[in-house]
Amino acid sequence: MTGLTDVAAGGLLIGGALLSVAASIGLLRFPDVPSRMHAATKPQVLGLLLILSGVALRLDSGTELATLSLIAVFQMTTAPVAAHMIGRAAYRADLVRRDLLVTDEAVAMNDDDLAEDR
């Protein structure tokens with residue numbers, strides 16, 4: 001049984017490492033902030049969760065497993081919020097390449113449009 005868990009843990013660790021490497025390559029290669037934001041959150045969080053799962057298979061203590069689960073929960077709750085705030089700040093600072101957007105759903109209304117709506 002330990003041979004099977006060793007293989008599963010190794011597979012999870014390698015898969016998580018490959019996803020983390022893919023995320024770092026995406027951060028270097030993608031052209032604009034929304035693309036980089038995607039690369040920084042989705043594969044990175046999944047890679048970390050796979051690494052944590054691989055480590056959890058090798059641990060015996062309940063306190064260590066609780067620590068790993070807290071790391072996973074905090075990573076899953078903070079990464080999307082941070083990515084949203086980075087994307088919003090980049091959009092407001094006009095750092096987004098609009099020619100790469102298919103649909104610009106975050107078109108801001110100016111003061112004249114707000115006055116007409118009242």
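Of the residues in segment 73-80, at least one is exposed (fewer than 14 other Cβ atoms within 10 Å of the Cβ) and either closer than 30 Å to Asp99 by Cβ or among the charged types (D, E, K, R) (or both). Applying the condition of being among the small types (Gly, Ala, Ser) and either touching an Asp or Glu at 6+ places or on another chain (Cβ under 9 Å) or modelled with pLDDT under 90 (or both) to segment 27-61 and asking which residue is farthest from Val73 (Cα to Cα) yields Ser35. Scanning segment 12-70 for residues that are of a type in the set (Val, Ile, Thr) and without any contact (Cβ under 8 Å) to a residue 40 or more places away in the chain, we see that the one that is nearest to Pro80 (Cα to Cα) is Val45.
The values are calculated or read from the model by the stated rules, or taken from the named source; none is laboratory data. What you see is a predicted model, and the numbers here were worked out from it, not measured in a lab. Ideal geometry is used to build each Cβ from the backbone, glycine not excepted, and the neighbour counts take in all protein chains shown.
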